[in-house]
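This report concerns only the one structure given below.
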Amino acid sequence: MKNTIYLIITILSLTFLSSCGGSSAQGDTKSNTKTTTVGAVSNVDAATFKKLMDENAGTLIDVRTPREFQAGAIPGTKLNVNVSDRNFKTEIGKLDKDKTYLVYCLSGARSSHAARIMESMGFKHLYNLKGGYRGWKGAGF
């Protein structure tokens, strides 16, 4: 009986550990930034997001409401597609799924959700700004 319980616990532990393998965390010790990547979505801090922008690594997408976008946005943002709008998938679906997109909202929650939707639609290269526009402003950009 003890051996059976031990075997079950071992199998469950191995199953749990192997299911966590799709996520990775990469630390950049030089700039002290942290990027977490799950699937096609990389969650990056403001400094990394800025570096990607400076390198013209992708297209900026603000997924907040039009009112929020008009109140202030990250310079260079050309697309404002409200993730809460019922036409979000239709509008996002018009974009090239093979290109890279830098996605943000106010705090990072809606953009994380938007990035997951985009990933489910077949987008392959997505960066979500952790902390969103607030984090961007807080980092002094």
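The values are calculated or read from the model by the stated rules, or taken from the named source; none is laboratory data. What you are looking at is a predicted structure, and each value in this text was computed from that prediction instead of being measured. Ideal geometry is used to build each Cβ from the backbone, glycine not excepted, and the neighbour counts take in all protein chains shown.
Among the listed residues A46, A73, identify the single one that is closer than 25 Å to A115 by Cα, at pLDDT 95 or above and touching a Gly at 6+ places or on another chain (Cβ under 9 Å). First the steps, then the outcome.
On the way: A73 fails: touching a Gly at 6+ places or on another chain (Cβ under 9 Å).
Result of the check over A46, A73: A46.
Among (1) small (G, A, S); (2) on the phi < 0 side of the Ramachandran plot; (3) buried (at least 18 other Cβ atoms within 10 Å of the Cβ), there is one condition G108 misses while meeting the rest; what is its number?
That leaves (2) as the condition not met.
How many of the residues making up the stretch 111-141 are surrounded by 24 or more Cβ atoms within 10 Å (Cβ to Cβ) and among the polar types (S, T, N, Q)?
Count: 2.
What are the pairs with Cβ atoms under 8 angstrom where one residue, in the stretch 38-53, is touching a residue at least 60 places away in the same chain (Cβ under 8 Å) and under 9 Å from F141 (Cβ atoms) and the other, located anywhere, is of a type in the set (S, T, N, Q) and in a strand (DSSP E or B)? Sequence gap at least six, or different chains.
Pairs found: A47/T33.
Return the pair list, or none, for Cβ contacts closer than 8 Å from residues in the stretch 65-88 that are among the polar types (S, T, N, Q) to residues that are exposed (fewer than 15 other Cβ atoms within 10 Å of the Cβ) and in a loop (DSSP other than H, G, I, E, B), at least 6 apart or on different chains.
Hits for this filter: T65/S84.
This table checks each residue for (1) over 18 Å from D54 (Cβ atoms); (2) touching a strand residue (DSSP E or B) at 6+ places or on another chain (Cβ under 6 Å); (3) without any contact (Cβ under 8 Å) to a residue 12 or more places away in the chain.
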position: Y104; (1), (2), (3): no, yes, no
position: S107; (1), (2), (3): yes, no, no
position: E119; (1), (2), (3): yes, yes, no
position: H125; (1), (2), (3): no, yes, no
